[in-house]
Structures are given as C-alpha cells and as structure tokens.
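Let me begin by presenting the structure, written as structure tokens, before commenting on it.
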Amino acid sequence: MTTTLAPAGGKKTFSPVKLLIEGRAFLALILIIVVFSSLSPNYLTADNLLIMASHVAIYAILGMGMLLVILNGGIDLSVGSTLGFTGIIAGFLMRGVEISFLGITFVPSVPVVVLLSCAVGASVGFVNGLLVSRFKVAPFVATLGMLYAVRGIALLLTNGLTVNDLSGDPELGNTGFDWLGFNRILNVPIGVIFMILIAGVLGLLLGRARFGRWLYASGGNERAAELSGVPVVKVKIWVYVLSGTCAGIAGLVLSSTLTSASPTAGNTYELTAIAAVVIGGAALSGGKGNVRGTLLGAFVIGFLSDGLVIVGVSAYWQMVFMGVVIVVAVLLNGLDYGRRPKKSSTQTGGGGQAAPADEQGDGPVPNSNHQPAKPGGTSR
C-alpha cells in the first residue's frame, strides 16, 4: 500500500498566477467594467446597469440550464431554438387558440401561459434526454437535430412572421404578459429576479441534494457512477428536461420584454450559453463547474457585448472579441485543471479506496462497496 506525503508545514504560498487563473471570470468582469466606464460616462449609470442586467438574465438562465447538461458530459445545442419556439407558443396562447371542432377560442390567463410555455420547453428537453440516454445518440447530433426541428416548427407555425401585440386584451382578462418584461420589484427587473431564483434553486440542487452528487459523479465517470448505483439514465434525462425548462423561461422573459415573438429569436444563443459556462470555469468534459461561475460568465458576456455597443464598436468586431474571450477562457480552464493535484486514493484508513469528491466539495459521491484489505495484503 502506498503512502502520500503532504508538503512540510502544509503552508500555502501566495501566487499571482494562481490568483489570476482561479479568479479569471471575476477579474475579467472587473476589467470590463473599468475599461468601459472610462470610455463612456453612461456605462455605469443605474439605468444602464439595470438594462444590462436584464440582458444578462437571459444569458444566465440559458447558461444555468446548459451547465447541468455540461456537468453530465453532454451538450445541448437546441436551447436557442427552444427559446424562440416557447416564445411563439406563448404568443399564440396570448392571442387565443381557436378550437374549431368545439367552436370555441381558448384564451388562457398569463400564469397558465407561463406554465404551458415552460412545459413545452421541458418537452423538448425530454425528447433530447430520451435520444441521448435511451437511444444512445451522441448529444451533439441529437440536440443539433432538435435545433433544426424546433426552429423549423416555429417557422412553419408563423410562416416566418413575427407574432406581434402580446399585451393581451382587457375584455378577455389575459393582460399582464408584458409585466414579466417591463415591471420591476424593488426596482429590480423581473427577469433578473427569475435569474436569482433559478440560481438559488440550482445552487441548492447541486450543493445539497442527492441529485447534485449523482450529477457530478456521472459527469466525472459515468461507468463508475453506474456501478456505484447512480441512476445515470434518469439523471441524464432530467438534466435535458431542466435545460429545456430554463430555455422556456428565457423565451418568456425575452418575448414579454419585446411584447412580440419571432421564430428566429434565440439564434446562436446556444453558443452564448456554452460560452457563459466555459468562461465560468466548467469543463466541457463534464464533472466540473458551478452555478456561481456560470453567473459570472454570463455577466462577462453581457457587460462586454453591451459595452461594445455603447462605445460604437461594429457588430463584426463584437463577434471577434467574443471569440477571443472564449478561446482564452478555454486555455485558462486547461491551465487550471492541469495544475490541480490529483487526490490520492489511499488517504482513507483501512486500505480501501476513497469515494471521489465532486468539484464543489459537497461530499463523496456514491461508490461501490469495496472489500477491506487483508493484513499485509493489497486491497482489491
């Protein structure tokens, strides 16, 4: 049996490089704020900060759903199309759906519209989950197919046209949809409140619930997690369902802000969501990442893109800047994970293997039963 020796004294030395790598997203956000506030006096005004936060909320909600999928070792390219599709569904529901064989027009209230739209997003995620977990389709291929299918359905339903005037009709009692996009609680936009609530729920789910430990375990090593009793198929389906639900919520926030729904809304937003997760420090291979980092990544993207618009940078250059940021984030992730020492499996007493801990330090994941080592022998 081998023994792992700790460094003498156990003292940690300060390293500027280590600080830069570990706090990369936060430092990038501070740098963006300093640069653009010096270039434009309007950048740090209260009104502009609230506007930017509203934009960030959409990226963050999509990104947090994407985080769950990436933690599981997958990818969801359909979130942008799902965002646009749920907006279209909400638009049709707000304007009333005629049921010809009954001779009636179904005009649901705003809460019902919200629930049905989220259910549509969850349904798209469920199909993705089934394709990936049950039919063993590669996540990239399955979600790419759903990207085109869902976007195509949205275009067919609208003939490529935007669904306008979603403010509702007072006579029908379905007004208030624009409240989601325009109103504020304690001067905080509703979209930002949604972002905070979702972040809190997912943070607890990943950090305190059994599902979170299962997710980190299956993302780190799916085969080992399955042998340890983790229901990897259910976990995989649920992460796609939650990702679709988050996309549905983001679609509601966007369409209510615009009081219109376009079938092309959310185009390339799946890449923005992936970028937020990567900038936040998650590993695309799975098993590493957290909600806090994804939120920081979304703020970096939102504050950077809005800052470039404010100072008058061309949209083409904005794409260049965004690409550079993503590449740098991936390189820093590689440096971060490459320099971290691997935990020894012999740090537990009794000679058995230690259960792997997840990235957040939430405790050990479930692992298979190991036979204790016999005296003088080797553990198996």
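Throughout, read-outs are computed from the coordinates displayed, never taken from laboratory work. Everything quoted here is computed from the prediction, not taken from an experiment. All Cβ positions, even for glycine, are placed from backbone atoms using ideal geometry, and neighbour counts span all protein chains on display.
Points to keep in mind about this one:
- Summary of packing: across the peptides 231-243, 271-283, the per-residue average of other C-beta atoms within 10 Å ranks them, highest first, as 271-283, 231-243.
- For the stretch 116-232, averaging the sequence separation of C-alpha pairs within contact (under 8 Å, six or more residues apart) and dividing by the residue count gives a relative contact order of 8 percent.
- Peptides 79-87, 164-172, 217-225 ranked from most to least packed, by the mean per-residue count of other Cβ atoms within 10 Å: 79-87, 217-225, 164-172.
- Each peptide in 51-61, 107-117 gets a packing score, the mean of other Cβ atoms within 10 Å over its residues, and the list from highest to lowest is 51-61, 107-117.
- In a reduced charge model with +1 at each Lys and Arg Cβ and -1 at each Asp and Glu Cβ, the stretch 178-248 shows a dipole moment near 220 debye about its Cα centre.
- Across the stretch 24-339, the mean sequence separation of Cα contacts (distance under 8 Å, 6 or more residues apart), normalised by length, yields a relative contact order of 35 percent.
- The stretch 24-339 - Rg (one decimal) and Dmax (whole number), Cα, Å: 19.8, 67
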